[in-house]
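K.L.:
Handing you a structure now.
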Amino acid sequence: GQGAELAWREAPARQLTPLDALKIYALKTAPAFEVALYAGLRLATDAPGLLEPAARFARHLGVGFQILNDLEDWDEHQPNGRSAAGDVLAGRPTVLLALAMEALDGADRVRLQSLIAAEDADHETVAEVRHLYNRAGVFRKASDLIAKHAQRARAVADQVTPPELGRLLHYFV
């Protein structure tokens, strides 16, 4: 997943669909959740039957977590003195960017592409990207995606036995 992100950042034409971004998240963030979950399960019980549900749960939890992280990146009050919109400033592929590219018309899409390609991005760049993101409705769409992945993770948790494990998974969501 990290390799896919780096490859995108180095590509001359930074094309990104929402599905592309979600695949990067599924390869980048979800496996970390899966390893942690499965390691705990393996230490607690004989877990071979839990491998597939753990993987499905972790995929939805990890993708939802990464989208939430994308949204929180736009919060004006960042911890540790970081700047808002660090993903834009660093040129990272996000689902927000992909949703904007999908929703914006020609001129706005071209402007967004030029803004994310700029090597000297500043607060004015961030303000203009925020304006385009708002125009494209990406913050609401991303919130909807988080809810969708949370619902899917809960559905996996509902099917897991023992019930105590299901309750723990619900807590994680």
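Read-outs: derived from the displayed coordinates by stated rules, not from any lab. In this text, all values refer to a predicted model and were calculated from it rather than measured experimentally. Glycine gets a Cβ as well: all are built from the backbone with ideal geometry, and neighbour counts include every protein chain shown.
K.L.:
Which Cα, out of GLY137, THR45, LEU71, lies furthest along the positive dipole direction of region 1-152 (beta carbon charges, K/R +1, D/E -1)?
P.N.:
Farthest towards the positive end: THR45.
K.L.:
May I pose another question? So, with +1 on the Cβ of K and R and -1 on the Cβ of D and E, and no other charges, what is the size of the charge dipole of the chain about its Cα centre, to the nearest 20 debye?
P.N.:
With Lys and Arg at +1 and Asp and Glu at -1, about 540 debye.
K.L.:
Restricting to DSSP H runs of at least four residues, report the calculated mean residue ellipticity at 222 nm for the chain, -39500 (n - 2.57) per run over all residues, nearest 500 deg cm²/dmol.
P.N.:
For the chain, the value works out to -23500 deg cm²/dmol.
K.L.:
Report, to the nearest 10°, how far helix 30-44 tilts away from the longest principal axis of the Cα atoms in the chain, using its own Cα long axis and a range of 0 to 90°.
P.N.:
Compared with the principal axis, the helix lies near 20 degrees.
K.L.:
What do you get for the angle between helix 106-117 and the principal long axis of the chain? Use alpha-carbon atoms, 0 to 90 degrees, nearest ten.
P.N.:
80 degrees
K.L.:
Next question, about the same structure. Report, to the nearest 10°, how far helix 163-172 tilts away from the longest principal axis of the Cα atoms in the chain, using its own Cα long axis and a range of 0 to 90°.
P.N.:
20 degrees
K.L.:
With a cut-off of 8 Å between alpha carbons and a minimum separation of six or more residues, what is the relative contact order of region 76-148 in percent?
P.N.:
36 percent
K.L.:
Give a residue-ordered list of calculated ³J(HN,Hα) values for region 45-50 (Karplus: 6.51 cos²θ - 1.76 cosθ + 1.60, θ = phi - 60°; whole Hz; x for Gly, Pro).
P.N.:
Once rounded to whole Hz, the list reads 7, 6, 9, x, x, 9.
K.L.:
Specify which labelled value, from (i) 55, 33, 28; (ii) 37, 32, 29; (iii) 45, 41, 29, agrees with Cα extents along the principal axes in Å derived from the coordinates of the model shown.
P.N.:
Label of the calculated value: (i).
K.L.:
Can you give me the relative contact order of the chain as a percent, contacts being Cα pairs under 8 Å and 6 or more apart?
P.N.:
Reported as a whole number, the value is 25 percent.
K.L.:
Still on this structure, I have one more. From the convex hull of the Cα coordinates of region 1-63, what is the mean projected area in square nanometres?
P.N.:
For region 1-63, the mean projected area of the Cα convex hull comes to 4.4 nm².
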